[in-house]
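The values are calculated or read from the model by the stated rules, or taken from the named source; none is laboratory data. Small disclaimer: the values here were computed from a predicted structure and weren't measured. Here Cβ is always computed from backbone atoms with ideal geometry, including for glycine, and neighbour counts include all displayed protein chains. SASA here: full protein model, heavy atoms, side chains in, ligands and nucleic acids out. Shrake-Rupley method; radii C 1.70, N 1.55, O 1.52, S 1.80 Å.
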Amino acid sequence: QVQLVESGGGLVQPGGSLRLSCAASGSSFSVNAMGWYRQAPGKQRELVASITSGGTTDFADAVKGRFTISRDNAKNTVYLQMNSLKPEDTAAYYCNAIIRFRVYWGQGTQVTVSS
């Protein structure tokens with residue numbers, strides 16, 4: 001049973017930083033692309049950033065220049081470094097991973113940006 005466990009969310013002031021982590025476990029197969037999505041109340045879930053097993057990254061326009069994504073393939077772990085956070089970044093952040101063409105999701109971690 002594949003599990004994705006996220007950590008690192010919380011409350012931060014505008015302009016602050018947070019680092020999210022997501023570890024995938026339970027599969028004997030390689031993890032392909034991994035990514036972070038977010039969903040604010042009343043809005044659809046949207047892609048924040050993704051990274052392939054080879055390290056190719058993609059970012060939503062709203063976070064370019066502020067967020068970085070990285071991964072440790074040996075640990076099947078993906079990280080999202082979020083800098084210069086804004087109130088509009090407030091959302092539940094979900095990790096996902098693609099393993100043998102199936103998509104798996106984490107349980108979500110809340111990020112709140114407020115003074």
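Here are some notes:
- Scan of the stretch 37-67 for residues that are closer than 16 Å to L18 by Cβ and either charged (D, E, K, R) or in contact (Cβ under 8 Å) with a residue 60 or more places away in the chain (or both), ordered by number: R38, R66
- Search result, residues across the stretch 54-66 that are touching a strand residue (DSSP E or B) at 6+ places or on another chain (Cβ under 8 Å), surrounded by fewer than 21 Cβ atoms within 10 Å (Cβ to Cβ) and at negative phi: T57, D58, F59, A60, R66
- Filter result for S84 (among the small types (G, A, S), in a loop (DSSP other than H, G, I, E, B) and out of contact with any strand residue (DSSP E or B) (no Cβ under 8 Å at 6 or more places or on another chain)): yes
- If you filter the stretch 8-52 down to residues that are surrounded by 14 or more Cβ atoms within 10 Å (Cβ to Cβ) and of a type in the set (S, T, Y), you find that the one that is farthest from Q107 (Cα to Cα) is T52.
- Residue pairs meeting the criteria (Cβ under 8 Å; at least 6 apart or on separate chains; first closer than 16 Å to T57 by Cα, in the stretch 71-97; second open to solvent by 50 Å² or more (accessible area, probe 1.4 Å) and of a type in the set (K, R)): Y79/R19; L80/R19; Q81/R19; M82/R19
- Residues of the stretch 80-107 that are over 19 Å from G15 (Cα atoms) and crowded, with 18+ Cβ neighbours inside 10 Å: Y94, C95, N96, A97, I99, Y104, G106.
- One residue from Q39, Q13, Q44 being of a type outside the set (F, W, Y), touching a Phe, Trp or Tyr at 6+ places or on another chain (Cβ under 8 Å) and at pLDDT 95 or above: Q39
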